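Here the structure comes first, spelled out in structure tokens, and everything after it is commentary.
Since every read-out is calculated from the coordinates, none of them should be taken as a lab result. These figures come from a predicted structure and were not determined experimentally. Every residue, glycine among them, receives a Cβ derived from its backbone with ideal geometry; neighbour counts consider all protein chains shown.
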Amino acid sequence: MKAYIFDLDGVIVDTAKFHFIAWKKIGQEFGFELTHELNEQLKGVSRVDSLQKILNWAGVSVSEEKFDELATRKNEDYLSYVAQMNENDILPGVKTFLEQTKQKNIKIALGSASKNARPILQKLGIISYFDAIVDGNDVSKAKPDPEVFVIAAQKLGVQNEDCVVFEDSEAGVQAAKTAGMKAIGIGSADVLHQADEVFSGFDAILNQ
Ligand code: BG6
Ligand code: MG
């Protein structure tokens, strides 16, 4: 394998919990309680698609203006949690794994749906590991569409079949498989059953 492509939220950094908290609050404004189970369907999904899903689950429709206001407010709330993050929020084993990947001369890319990806990598001091970054600002089609990973492979100058994708979301695993890449799930095999292999985290990969 020539390249590793990493998702961000829930793979490199423990931000998935902040997305969950912020969306849960938005849902509550409509009397809707977001569960952990339904939240799995929001992982890897863009901000606007996530809001649309929540409104559908809540059984409400809102004006375009209100929709934008809710999406903006969710992001401001999310960023207030992100602002309190530090290096300790990098998930266990990630830095060692990135270091080892560099030493093996395997290329490293980020393939994230988040529009906040660059500032988060910068804040955590790990942006320099990445040979290419593709985030929510660079794609027109959200996961499970493979676009984000296909662009990442192109930026790295490698074939799709030479890439391994690390993902914590069903949508992301599906995107990787559609792109013809190997998918390593980070999380639970019950959720990520389409992945080629599933690990609880990078510590588990390092210890295998
Ligand atoms: C993904 C997260 O990485 O990014 C989703 O799994 C999130 O939960 C999406 O909605 C978009 O993130 P952002 O930071 O652009 O709102
Ligand atoms: Mg993720």
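Here is how the numbers come out for the structure above:
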| item | result |
| --- | --- |
| Projected area, mean over directions - the range 15-83, Cα convex hull, nm² | 4.1 |
| Rg over Rh [alpha-carbon atoms, Kirkwood Rh] for the chain | 0.96 |
| Gyration tensor verdict on the range 105-190 (Cα atoms; rounded if a/c is under 1.5, prolate if a/b is larger than b/c, oblate otherwise) | rounded |
| Residue-averaged [θ]222 nm for the chain, counting only DSSP H segments that reach four residues, each worth -39500 (n - 2.57) | -12500 deg cm²/dmol |
| Cα lying deepest toward the dipole's positive end in the chain, options G44, A58, F20, charges on Cβ | G44 |
| Listed residues V48, V60, V82, most fluctuating in the chain (Gaussian network, C-alpha, under 10 Å) | V60 |
| Counting DSSP beta bridges with both ends in the chain, the antiparallel % (nearest 5) | 5 |
| Using alpha-carbon coordinates, inclination of helix 64-82 to the longest axis of the chain, degrees | 50 |
| Top positive-direction residue, dipole computed over the range 90-161 with Cβ charges, set A117, P92, Q159 | P92 |
| Electrostatic dipole magnitude of the range 15-83 [Cβ: Lys, Arg +1; Asp, Glu -1; Cα centre; debye, to 20] | 220 |
